[in-house]
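S.K.: Have a look at this one before I ask anything.
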Amino acid sequence: MRGVVGLLFAWLLLVAGTAQAQDARRKVIIDDEGFALMHLMLLESPDVEVLGITTVSGNVWANRATALALRGVEAAGRTDVPVVQGATWPLLNSELLTDRWESLYGRLTWKGAWMKRWVEPTQQSTPDYHGPDDPVVLPWGNPVTKPSPEIAAAFLIRMVRRYPGQVTILAAGPLTNLALAQRLDPQFAALAGELVYMGGSLNPRQVLGDRSARDFAREFVNSPRREFNARFDPEAASIVSRSPWRKITMVPVDPSTATQLGRGLLTRLAAVATPGVARLIDRMEPGFPLWDEIAAAVWLDPTIVTDRATLYVDYDTQFGPGYGDTLSWRAGYQPGLGERPAEVVRAIDPERLEALMVRAVGRRASVTRPDRAPVRSTPGN
């Protein structure tokens, strides 16, 4: 009898220890318009608990973003993570308004779901144009898993109320879902632990000499304060930036011009990933900056940041030539209309970023396949 009690006590200690380890994981919700390496970095990190993925229209419509996210969690073997569809439309902006804006103030480089063609030749493929309600047919097959029946804004509110002060919202698309959540629940931002978002632009400069890198950097020569996520829904960006978050970390476009998703990096990532994730990586188009991956990396390891500043940030919501542009001030210069201080990431170490990406994506593979050689943390792996 004493032996049985001892075994039971040991089992209870094991369960308690496992629960404590799980509780110690950093909680995050990913708010984005699809599925990318950023998602894999967070899903594959053992010390991170991804509470859910909320989708929003941006690069693609919300229904397509949802299908992409579902297909991504299936490939990653993480269908335990709920995918929750969010806003289809920006708060006020629209395709017709964007067409009118372009007729008055000039062409936009990238318009996301409203994009039909590039203005000038580029190495990137021409995106397919879809309507917001068009059936989704993914070229590599549609997901089997179904999205959560909940609405993204409601899910976000429910999670921060369940875990007050513990949930990081990591947003890498337009901020429509977060703005809706804040308007529905004025305590939403204050209950979240932190907001980390990829968006806005200060003064990006061309860093890399590769042609595709120049293609992206040239966008900011004449419009250094314009960035797509904010430009797609400026009103949402302004609401979110002025909400009472405990901490805001802003990752503007600026550090991304020193990064690139090259074929070599994709090969390194696929080599250390699980088979399902490797197949997903093999389908990714190279040549793009690592926008969202920087945001995930800054949250996972803030030491990759080499230059940062505390600024008060807002976004221009006046329908004029600066619609959607980033507004920023040093302390004491802000107009005092509810602007909040944000820690703005100006530059990062690209080599450390790539090394972190390889480590994060390869972690679960090294556990599930003990015969796999350890992942080196040095660039060029």
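S.K.: Condition first: over 21 Å from D32 (Cβ atoms) and open to solvent by less than 80 Å² (accessible area, probe 1.4 Å). Now tell me which residues in the range 104-125 satisfy that.
M.R.: Result: G106, W118, T122.
S.K.: Within the range 51-62, which residues are open to solvent by less than 10 Å² (accessible area, probe 1.4 Å) and either in a strand (DSSP E or B) or aliphatic (A, V, I, L, M) (or both)?
M.R.: Selection gives G52, I53, T54, T55, V56, A62.
S.K.: Has the range 220-229 got at least one residue that is more than 30 Å from I157 (Cα to Cα), part of a helix (DSSP H, G or I) and hydroxyl-bearing (S, T, Y)?
M.R.: Checked against the condition, which is being more than 30 Å from I157 (Cα to Cα), part of a helix (DSSP H, G or I) and hydroxyl-bearing (S, T, Y), the range 220-229 yields no hits at all.
S.K.: Name the residues in the range 322-353 that are open to solvent by less than 50 Å² (accessible area, probe 1.4 Å), out of contact with any strand residue (DSSP E or B) (no Cβ under 7 Å at 6 or more places or on another chain) and hydrophobic (A, V, I, L, M, F, W, C), would you?
M.R.: Scanning the range 322-353 gives a single hit, L353.
S.K.: In this structure, is D307 among the acidic types (D, E) and open to solvent by 30 Å² or more (accessible area, probe 1.4 Å)?
M.R.: Considered against the rule, which asks whether it is among the acidic types (D, E) and open to solvent by 30 Å² or more (accessible area, probe 1.4 Å), D307 comes out as yes.
S.K.: So V144 passes all but one of these: (1) surrounded by 12 or more Cβ atoms within 10 Å (Cβ to Cβ); (2) among the β-branched types (V, I, T); (3) at pLDDT 95 or above; (4) closer than 25 Å to I281 by Cβ. Which condition number does it fail?
M.R.: Result: V144 passes all but (1).
S.K.: Right, here's the next one. For the range 85-103, enumerate the residues that are surrounded by 15 or more Cβ atoms within 10 Å (Cβ to Cβ), polar (S, T, N, Q) and out of contact with any strand residue (DSSP E or B) (no Cβ under 6 Å at 6 or more places or on another chain).
M.R.: Passing the criteria: T88, N93, T98.
S.K.: OK, next. What is the one condition in (1) open to solvent by 40 Å² or more (accessible area, probe 1.4 Å); (2) out of contact with any strand residue (DSSP E or B) (no Cβ under 6 Å at 6 or more places or on another chain); (3) not polar (S, T, N, Q) that P82 does not satisfy?
M.R.: (2)
S.K.: Would you confirm, using the coordinates I've provided, whether R205 is at pLDDT below 95, surrounded by fewer than 17 Cβ atoms within 10 Å (Cβ to Cβ) and either aromatic (F, W, Y) or in a loop (DSSP other than H, G, I, E, B) (or both)? Steps first, please.
M.R.: Values: at pLDDT below 95: yes; surrounded by fewer than 17 Cβ atoms within 10 Å (Cβ to Cβ): yes; either aromatic (F, W, Y) or in a loop (DSSP other than H, G, I, E, B) (or both): yes.
When the stated conditions are applied, R205 passes them.
S.K.: Same structure, new question: Which one of the conditions (1) in a helix (DSSP H, G or I); (2) open to solvent by less than 10 Å² (accessible area, probe 1.4 Å); (3) of a type outside the set (V, I, T) does M250 fail to meet, given that it meets all the rest?
M.R.: Looking at each condition in turn, M250 falls short on (1).
S.K.: Select from the range 261-279 the residues that are basic (K, R) and under 19 Å from V73 (Cβ atoms) and list them in ascending order.
M.R.: Selection gives R279 alone.
S.K.: If I filter the range 217-228 down to residues being out of contact with any helix residue (DSSP H, G or I) (no Cβ under 7 Å at 6 or more places or on another chain) and over 20 Å from W329 (Cα atoms), which single residue comes out as surrounded by the fewest Cβ atoms within 10 Å (Cβ to Cβ)?
M.R.: Looking at residues that are out of contact with any helix residue (DSSP H, G or I) (no Cβ under 7 Å at 6 or more places or on another chain) and over 20 Å from W329 (Cα atoms), I get N222.
S.K.: What residue, of E120, E150, is under 21 Å from the mean Cα position of the chain (by Cα), of a type outside the set (S, T, Y), outside any helix (DSSP H, G or I) and on the phi < 0 side of the Ramachandran plot?
M.R.: The unique qualifying residue is E150.
S.K.: Run down G262, G287, G276 and say which single residue is closer than 30 Å to Y105 by Cα and open to solvent by less than 40 Å² (accessible area, probe 1.4 Å).
M.R.: Of the residues listed, the single one that is closer than 30 Å to Y105 by Cα and open to solvent by less than 40 Å² (accessible area, probe 1.4 Å) is G287.
S.K.: Still on this structure, please answer the following. Only one of these conditions is not met by L40: (1) open to solvent by 30 Å² or more (accessible area, probe 1.4 Å); (2) under 14 Å from the mean Cα position of the chain (by Cα); (3) not charged (D, E, K, R). Which number is it?
M.R.: The failed condition is (1).
S.K.: If a residue must be in a helix (DSSP H, G or I) and free of Cβ contacts under 8 Å to residues at least 24 places away in the same chain, how many such residues does the range 63-103 contain?
M.R.: Our first condition is that a residue be in a helix (DSSP H, G or I); within the range 63-103, this holds for 63-75, 95-103.
Subset that is free of Cβ contacts under 8 Å to residues at least 24 places away in the same chain: 95-96, 98-100, 102-103.
Count: 7.
S.K.: Enumerate the pairs (first residue in the range 174-202 and free of Cβ contacts under 8 Å to residues at least 24 places away in the same chain; second residue anywhere and of a type in the set (V, I, T) and surrounded by fewer than 22 Cβ atoms within 10 Å (Cβ to Cβ)) with beta-carbon separation below 7 Å, excluding pairs fewer than 6 apart on the same chain, so at least 6 apart or on different chains.
M.R.: Going by the 7 Å Cβ cut-off, there are no qualifying pairs.
S.K.: Specify the residue that is most open to solvent (accessible area, probe 1.4 Å); the eligible residues are those in the range 182-202 that are part of a helix (DSSP H, G or I) and in contact with a strand residue (DSSP E or B) (Cβ under 9 Å, 6 or more places away or on another chain).
M.R.: L191
The values are calculated or read from the model by the stated rules, or taken from the named source; none is laboratory data. Everything quoted here is computed from the prediction, not taken from an experiment. FYI the Cβ positions are ideal-geometry reconstructions off the backbone, even for glycines, and counts take in every protein chain you see. SASA here: full protein model, heavy atoms, side chains in, ligands and nucleic acids out. Shrake-Rupley method; radii C 1.70, N 1.55, O 1.52, S 1.80 Å.
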